[in-house]
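Participant: Below is one structure. I have some questions about it.
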Amino acid sequence: MIDSSETIEEFLTRHASDVEEAIRTAAGTEIMPRWRRLAAHDVDQKSGPHDLVTDADRKAELYLTEVLPALLPGSVVVGEEAVHANPASYEAVRGGAPVWIVDPVDGTRQFVHGDSGFCTLVALAQAGVLLASWTYAPARDQLATAVRGRGAFLDGRPLRAGAPEPGRDLRVATSHPDYTTEEQKRALLGLRTPGVAPRSCGSAGLEYLAVARGEMDATAFSWEAAWDHAAGLLLVEETGGAHLTRTGEPFRITGGNALPFTAARDAATARRVAGLLQSPLAHPAD
């Protein structure tokens, strides 16, 4: 636990392993015992058939909501399931207190279908600045971490995203059409061009990890929910990558972004993708 004289930076130096332990415990006790063991009545819809929630989501978030503020007194938690129940709780992302941004099961659809492509996402931010992040894929036993200014690691090994190979099509993970407005669909059409190979995304957290590892070149996402993006954005930044909105500004976890936005392996790729996302909007569909 942080003491009254300890800064957040000192807290991260001393207690990052405690956060990791909390995340692993949440996954080990609430998520993995339910993986591939869900009955139909264990799965509910939220906004629609592609927006699912299970007891694993709810119980893992409750566990982290108890443990994380105890490690860092004065901090608050903004979790996906709590915000669904009380949308006003999202305002803490914009406040001055340290905030833990939690997605207990990112990729719930994959989790429900028994696929390993899901993860637990936790980020620590303050006043809109991302300070640390954890991306844990329990079914794959992978943990990626990042601390602002200190780099990013996967299972303890440093990560560098590098740059796309010259002459090869850019690999871009994009929002599923079900989650896009008509204007955003037109923007994403800008990626349907020679030299770019877009595909629909899976778990957002794992797509960010793929960018950080150099396995994907960029993302193009059309929604702002901080729990989906906070951990991955810092991970990509700390591996040498960059993120830009459709109008060329860095993405803000506090909201108000021009969407879609991109996170990419390097700044040049981010500018290229952001430009492609902008161009179709100058010529709206009839």
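Participant: Which order do Met32, Met216 take when ranked by solvent-accessible area (1.4 Å probe, heavy atoms of all protein chains), largest first?
Facilitator: Putting Met32, Met216 in descending order of accessible area: Met32, Met216.
Participant: Keeping every protein chain in place, order His243, His176 by accessible area at 1.4 Å, biggest value first, i.e. largest first.
Facilitator: The ranking, largest first, comes out as His176, His243.
Participant: So with the 1.4 Å probe, I'd like the accessible area per residue for region 89-232, rounded to whole Å².
Facilitator: On a per-residue basis, region 89-232 sits at 37 Å².
Participant: Ok, one more. For region 175-192, take each phi angle, set θ = phi - 60°, evaluate the Karplus expression 6.51 cos²θ - 1.76 cosθ + 1.60, and give the result in whole Hz per residue in order, putting x for glycine and proline.
Facilitator: 4, 5, x, 5, 10, 10, 7, 4, 5, 5, 4, 5, 4, 5, 4, x, 7, 7
Participant: Hey, if we sort Asp106, Asp18 by accessible area with the 1.4 Å probe, largest down, what's the order?
Facilitator: Asp18, Asp106
Participant: What part of the accessible area of the chain, given as a whole %, is carbon or sulfur when the probe is 1.4 angstrom?
Facilitator: 51 percent
Participant: Shifting gears a bit: Answer with one residue from Val43, Val236, Gly195: the one whose Cα lies farthest towards the positive end of the charge dipole of the chain, charges on Cβ with Lys, Arg +1 and Asp, Glu -1.
Facilitator: It is Gly195, whose Cα lies furthest towards the positive end.
Participant: How much of the DSSP bridge set in the chain is antiparallel, in percent, rounded to the nearest 5?
Facilitator: 75 percent
The values are calculated or read from the model by the stated rules, or taken from the named source; none is laboratory data. Here the structure is a predicted model, which means the values were calculated and not measured. With ideal geometry, Cβ positions are generated from the backbone for all residues, glycine too; neighbour counts draw on all protein chains shown. Side chains are part of the model used for accessible areas, which takes the heavy atoms of the whole protein and leaves out ligands, DNA and RNA. Shrake-Rupley method; radii C 1.70, N 1.55, O 1.52, S 1.80 Å.
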